[in-house]
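The structure appears right after this line, and notes come after that.
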Amino acid sequence: MKSEILYPGAFPMVRVELAEGEHIKAESGAMVACSPTIDIESKMEGGFLGALSRKFLTGEKFFFQTLRASRGPGEALLAPTVPGEIVVLELDGVNEYMVQKDGFLAGADGITIDSQMQSMTRGLLGGEGFFILKMSGKGMLVLNSFGAIHKIELKPNQEYIVDNSHLVAWSTTTTYNIEKATSGWVASFTSGEGFVCRFRGPGIVYIQSRNPRGFGAWVRQFIPISE
Amino acid sequence: MWEQITVNESRKNHVMTDSHPNALCFGDELPAGGSPCLVHVEAQGITIAFTVGGKQQQAEAVPFSSVTVSAGGLDHDQLVLQWMGPTGQRTLYLKNPDVIRTFRQAAPDQLTMPLERVAGQVRHVRRRHRMVWSIVGGSLLALVLGLWFGSDLLVELAADRIPIEWEQKLGESAYRDFLAQHESVNDGPTVNAITEMTQRLARHAPNNPYTFEVTVVKSDVVNAFALPGGYIVVFTGLMKKATSAEEVAGVLAHELNHVLQRHGLERIVKQLGFVAVVSIVLGNSPGLGGVMKQLGVELMTLKFGRAQETEADLTGLQLLHRAKIDPNGMITFFERLAEKDGSRVEWLSTHPMSSARADRLKAQLAEIPKQDPEPFTFEWTKIQASLG
């Protein structure tokens, strides 16, 4: 399985080359184009209950699509819905990533996707809900962001503060606490940041340069209100 | 999950085959995401072998004596080993349960204490998570139960604080909207009759702050409804189905009491309150939260509706009695509407007629002292004839 990011920048696509018999899981609706040797199957990852819990608990899609090169080698072009960068990670069976629900684009078949419950404070204040996707296993993992994707590398015990709506993915060797952006409650919200995540290394945190919620609020003011 | 004995099969294989990395090592010259490495626990310490480009490199030996242990990772469930290597500080993250177990077994006495402390920390974190979740779950349950059983009182208290003018504005906008889409009867004997009935009922309502406005709407649908603030709509379909003025007056008395008891307002307050509570608890998530919110609001409305209907029935009956209108009309009309004959009786969908409801009304009627009803100034047969 080989991958290549086409048109890097705001409107990229990822090209995945599959050998005969190989397959890849992708977010439903991610496929843009593919060779005629590739079959598209809709699959409820983790069975019906797993899919149901993912749908209701994380707000992620009920079905994933599986692209399978069943009649010979072929390639597929995948793209996310929102404008923004694509990044390809290689999981080696040891490193694991937590991914916020819109961040997953595709994963090799060796990647396991779980919904995992977060702690109360993280769930309540983190803005990601109580359940989040955990990616483990071995193989290629394709993530997408809204805006550019930025990688923060943390040495052991090194700290970094991230606005929670800019999070894309973070390795499970990191820890984080949710805290107010400033020392006062009022100032925290008037500063426009509200809550932030204080990450502590070692590990990697991927953030996106645009905030989807902020963008939504900005767009909403231009939409005429119908009677 | 380094305490747990149950092991994911795929991870077990990593140890068995001895070639797949089973830990992540961090250090100044290593990549920030950690370097995958293969850890072996030996008698005197651990050996670490890095794989570079698919080739295993010379294993590095670390004696137990130079290692400090702690718990780490996102869920505080990984064993972290730290020591000073030749190239600086090294940090090793272990989460493979097998490796952790072997490490604990092989570790010398001076590491037993710190390991126990770490295990204690992990248990503490888990316990705290469980406790927080059960406390939150418990209080959520208590909140829902409290809302379900104690909300009527709270809602009434809240509704009492809302001025009548607000309620009227609220009802008026809905009323105008509805009338704009329907053809109404503006004058004639029908309107006069309905106005006479409403005024007679309103005169006998105790402490009535409302001025009632009634509109007759041309429609074959059998329906009538009241909006907050005293706006009442009666459909001609309902009037055609009534055999006497008392029957229509019964429906009017019921609807008038929805207004007088501020049922619409209470319902709005309750829905707003419930939505607010659920939003605070579950956030504005599109998944579970949205479903729960909808379900909760629907359930609340349903339960609230029943209690309100009963109240409007009973107070409506008393109002009829005070206004000297024969209350039997109300009961017989309700019962006749329940008989299915194919016409669109929408009133029943919001006012389901059950035998229990009729029985309750009859029991109430039996308690009220008998009196001679005063007739209306119009003849019902003529009114009905004018409806065509």
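The values are calculated or read from the model by the stated rules, or taken from the named source; none is laboratory data. Quantities reported herein were computed from a predicted structural model and do not represent experimental measurements. Cβ placement follows ideal geometry from the backbone for every residue including glycine, while neighbour counts extend to all protein chains displayed. To get the accessible areas, we keep the full protein, side chains included, count just its heavy atoms, and leave off ligands, DNA and RNA. Shrake-Rupley method; radii C 1.70, N 1.55, O 1.52, S 1.80 Å.
A compact table of results
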| quantity | calculated |
| --- | --- |
| Protection-proxy order for peptides B:224-230, B:126-132, each taking the mean of Cβ atoms within 10 Å per residue, highest first | B:224-230, B:126-132 |
| FRET efficiency for B:T211 and B:S134, using Cβ-Cβ distance with R0 set to 60 Å, rounded to 0.05 | 0.65 |
| Whole-angstrom gap from region B:183-222 to region B:54-116, using each part's C-alpha centre | 84 Å |
| For A:153-161, mean number of other protein chain Cβ atoms within 10 Å | 3 |
| Peptides B:196-207, B:35-46, B:258-269, A:3-14 ordered by average Cβ neighbours within 10 Å, highest first | B:258-269, B:35-46, B:196-207, A:3-14 |
| Peptides B:178-188, A:102-112, A:152-162 ordered by average Cβ neighbours within 10 Å, highest first | A:102-112, A:152-162, B:178-188 |
| Stretch gain in nm, segment A:A148-A:K180, where the contour uses 0.36 nm per residue and the Cα spacing is subtracted | 9.0 nm |
| Karplus-derived HN-Hα couplings along region B:117-125 (A = 6.51, B = -1.76, C = 1.60, θ = phi - 60°), whole Hz, x at Gly and Pro | 4, 5, 4, x, 4, 4, 4, 4, 4 |
| Point-to-point label distance, B:K362-B:Q121, nm (Cα→Cβ direction, 7 Å offset) | 7.5 nm |
| Label-point separation, B:D28 to B:E374 (7 Å along Cα→Cβ), nm | 10.2 nm |
| Residue-count net charge about A:V219 - beta-carbon cut-off 14 Å; Lys, Arg +1, Asp, Glu -1 | +3 |
| Phi-based couplings in Hz for region B:131-137 (Karplus 6.51, -1.76, 1.60; Gly and Pro marked x) | 5, 4, 5, 6, 5, 5, x |
| Average beta carbon contacts from partner chains per residue of A:102-112, 10 Å cutoff | 0 |
| Where A meets B: accessible area buried, both sides, 1.4 Å probe, Å² | 2600 Å² |
| Modelled FRET efficiency - R0 45 Å, A:N211 with B:I162, Cβ distances, 0.05 increments | 0.75 |
| Within-11-Å neighbourhood charge of A:P12 [Cβ basis; K, R +1; D, E -1] | -1 |
| Per-residue average of Cβ from other chains inside 10 Å of A:171-183 | 3 |
| Theoretical FRET efficiency, 1/(1+(r/R0)^6), r = Cβ-Cβ of A:K155 and A:M117, R0 51 Å, to 0.05 | 0.95 |
| Translational diffusion of region B:9-127, µm² s⁻¹ [Kirkwood Rh, Cα pairs; Stokes-Einstein; 4 °C; 1.567 mPa s] | 88 µm²/s |
| Local net charge near A:P36, Cβ-Cβ under 14 Å (Lys/Arg +1, Asp/Glu -1) | -1 |
